[in-house]
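These notes are about the structure you will find just below.
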Amino acid sequence: MLLTIDCGNTNTVFSIWDGTEFLCTLRTSTHHSRTADAYFTWYSTLVKHYGLDLDITDVIISSTVPRVVFNLRVFADRFFGCRPLVVGRPECLLPHAPRVDQGTQVGPDRLVNAAGAYDRHGGNLIVVDFGTATTFDVVDHDGAYVGGVIAPGVNLSLEALHMAAAALPHVDIAKPQKVVGTNTVECIQSGVFWGYTGLVREICDRIKGERDCNMKVIATGGLAPLFQQHSDLFDTFEDDLTMHGLTVIHDYNKTKGGTA
């Protein structure tokens, strides 16, 4: 059984894959100082809560936070007796090598999203990931990641607005009922929601124009369902795209004889 781990700047997600489906998904906040023992205590408590009897044989990790990888590797080795695959390391093979400027390090999450999206939808894709940053990943016709765009994340923008303007409250992002707000909260929500709607639409249109081909737009990430309400922005929403991408990369390494 495979344990997939996606460590982002804000949250770390563990999903258990039995070869056919994800049996459960566990989420915790990302902390640099969390030890392997602390991970296992949290993990084993929740697995027991779900009543699952699991035999983890393989682990694969994608992390945008390099400092946590060591403890996650120790966690896999100590409690499951396996050496985990870590996306971005030389020993972890990719189904399609990225085509970017020489010396550029592509974020593991973007490589994983590209692998998962291509496996499900084929090539010529734009993957919009609403995480700490809002990223746009361009997947070529053959599945290669060929670049993208990075913009500040929605919650990051809200937090910056609140911190820089003392008189403005911190608000939860929501789709406003109308564009013109009649109170401060509505004004902020409208600016953020419609501002990011315009950002996504403009960037996707410019990517399509630059590449001069039909492209499918895939949305993923925590706030994607909110923006999916503006339905013409995306062709589809994939809640588990990153975790699926991890299973694709793991299977590829097994098939090609990579370390797993």
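The values are calculated or read from the model by the stated rules, or taken from the named source; none is laboratory data. The structure displayed is predicted, hence computed values, not measured ones. Note that each Cβ is placed from the backbone with ideal geometry, even for glycine, and that neighbours are counted across all protein chains shown. Accessible surface areas use protein heavy atoms only, side chains included; no ligands, DNA or RNA. Shrake-Rupley method; radii C 1.70, N 1.55, O 1.52, S 1.80 Å.
How much accessible area per residue does the stretch 136-260 have, in Å², with a 1.4 Å probe?
Numbers: 6400 Å² over 125 residues.
Per-residue value: 51 Å².
With a 1.4 Å probe and all protein chains kept in place, how do Tyr43, Tyr118, Tyr50 rank by accessible area, largest first?
The residues order as Tyr50, Tyr118, Tyr43, largest area first.
Return the whole-Å distance between the Cα centroid of the stretch 118-196 and the Cα centroid of the stretch 35-113.
For the stretch 118-196 versus the stretch 35-113, the Cα centre distance is 26 Å.
Quick one: what are the phi-derived ³J(HN,Hα) couplings along the stretch 114-120, Karplus 6.51/-1.76/1.60 with θ = phi - 60°, whole Hz, x for glycine and proline?
5, 5, x, 5, 5, 4, 8
Output the Cα-based Rg and Dmax of the chain in Å, rounding Rg to one decimal and Dmax to a whole number.
Every Cα atom of the chain included, Rg and Dmax give 19.3, 61 Å.
Please give the solvent-accessible surface of Lys178 in Å², to the nearest 10, using a probe radius of 1.4 Å with every protein chain present.
Rounded to the nearest 10, that gives 100 Å².
Which aspartates and glutamates does Lys178 reach when only Cα atoms under 16 Å apart count, and residues fewer than 8 places away in its own chain are ignored?
Glu186
Report, to one decimal in Å, the Kirkwood hydrodynamic radius for the stretch 172-238 based on all distinct Cα pairs.
13.0 Å
Placing +1 at every Lys and Arg Cβ and -1 at every Asp and Glu Cβ, with all other atoms neutral, what dipole size does the chain have around its Cα centre, in debye to the nearest 20?
Dipole about the Cα centre, nearest 20: 460 debye.
What are the lysines whose alpha-carbon lies under 20 Å from the alpha-carbon of Lys254, with same-chain residues fewer than 8 places away excluded?
Of all the lysines, none pass the test against Lys254 - Cα under 20 Å, at least 8 places apart if same chain.
Run through every distinct alpha carbon pair of the stretch 96-177 and return the Kirkwood hydrodynamic radius in angstroms, one decimal place. Please report the intermediate quantities before stating the final value.
Working: mean 1/r = 0.0693 Å⁻¹.
Hydrodynamic radius (Kirkwood, Cα pairs) of the stretch 96-177 is 14.4 Å.
In degrees from 0 to 90, rounded to the nearest 10, what is the angle of the helix 241-256 Cα long axis to the longest principal axis of the chain?
Once rounded, the angle reads 30 degrees.
Could you work out [θ]222 nm for the chain from helices alone, using -39500 (n - 2.57) per DSSP H run of at least four and dividing by all its residues? Round to the nearest 500 deg cm²/dmol.
After summing the helix terms and dividing by residue count, I get -13000 deg cm²/dmol.
Could you order Met243, Met163 by accessible surface area, starting with the largest, using a probe radius of 1.4 Å?
Met163, Met243
Could you give the longest part of the chain that holds none of the GluC sites (Glu not before Pro) found in DSSP loops with at most 11 neighbouring Cβ atoms within 10 Å?
Values: sites that count: Glu21, Glu91.
Here the longest segment lacking exposed loop sites spans 92-260.
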